[in-house]
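Peer 1: Have a look at the structure that comes next, please.
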Amino acid sequence: MNTILRKSILGIAGLAFTGGVFAGPVAAHAADTTHAVKPVTATVQSDKLIPHGVQGDQSRIDLNDEQTANVKAIIAATKKAGMDERAAVVSIATALQESKLENLGHLGDRNDHDSQGLFQQRPSSGWGTVEQITDPEYSTTAFLKGLKQVDGWQDMPLTKAAQTVQVSAYPDHYAQWEQQAADLVAQHWNK
């Protein structure tokens with residue numbers, strides 16, 4: 001990983017850890033949502049989509065039309081970036097954890113600093129303007145740019161790859177979405 005990216009990530013991690021609220025407001029928003037999160041069994045068995053097997057209990061939510069459109073936007077941006085299905089799985093699992101695939105605007109008092117969009121990216125951390133990070137194609141491309149800079153991300157468990165880009169206060173939470181993300185990529189990649 002290059003030095004500038006490492007310093008940026010460590011700086012963001014320090015702010016997030018020190019504040020102790022990096023993902024808190026997202027969790028607060030998730031508590032307000034009507035989506036049920038429930039353990040599921042594996043549906044897709046693919047070395048390409050889930051090369052390391054899923055880690056821990058898996059969660060699943062039912063998606064509405066907006067969330068499904070965001071899945072398709074993430075897949076389209078991944079293809080446009082020249083990345084493969086595994087990158088789409090990592091991206092979708094990350095967006096499931098961060099926003100439940102909802103393109104969130106500012107949540108007022110429940111907001112984590114200035115985090116917004118599918119990936120809960122922050123303008124103050126250099127992810128882009130509010131308009132940019134609430135655009136699904138832009139925010140996915142920004143996430144993928146960060147993922148590309150992670151040496152060996154293809155060989156990492158999903159949660160480690162996602163955490164290296166996102167620098168969340170809850171690094172293990174990405175793993176619970178791997179199966180649903182893989183199922184969504186299998187369903188929508190060739191459409």
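Peer 1: Tell me, what HN-Hα J-couplings in whole Hz come from the Karplus equation 6.51 cos²θ - 1.76 cosθ + 1.60 at θ = phi - 60° for each residue of segment 132-143, using x for Gly and Pro?
Peer 2: These are the phi-based 3J(HN,Hα) values: 5, 6, 9, 9, x, 5, 4, 5, 5, 4, 5, 4 Hz.
Peer 1: Extending each Cα 7 Å along its Cβ direction at ASP57 and LYS72, get the distance between those two points in nm, one decimal.
Peer 2: It is 3.3 nm.
Peer 1: Given a 1.4 Å probe and every protein chain left where it sits, what share in percent of the accessible area of segment 78-191 is carbon and sulfur?
Peer 2: That fraction is 47 percent.
Peer 1: If the cut-off is 13 Å between C-alpha atoms, which aspartates and glutamates fall inside it for LYS145, apart from same-chain ones fewer than 8 positions away?
Peer 2: Cross-link targets: GLU137.
Peer 1: Which of the peptides 134-140, 88-94, 181-187, 150-156 is most tightly packed, and how do the rest follow, going by the mean number of other Cβ atoms within 10 Å of each residue?
Peer 2: 88-94, 181-187, 134-140, 150-156
Peer 1: Can you tally the net charge around ALA69? Count Lys and Arg as +1, Asp and Glu as -1, for every other residue whose Cβ sits under 12 Å from the Cβ of ALA69.
Peer 2: -3
Peer 1: What area, in nm² and to one decimal, does the C-alpha convex hull of segment 47-149 cast on average over all directions?
Peer 2: 7.2 nm²
The values are calculated or read from the model by the stated rules, or taken from the named source; none is laboratory data. All values reported here derive from a predicted model rather than from experimental measurement. Heads up, the Cβs are rebuilt from the backbone with ideal geometry, glycines too, and the neighbour counts pull from every protein chain shown. When the accessible area is computed, the model is the full protein with side chains, heavy atoms only, and any ligands, DNA or RNA have been set aside. Shrake-Rupley method; radii C 1.70, N 1.55, O 1.52, S 1.80 Å.
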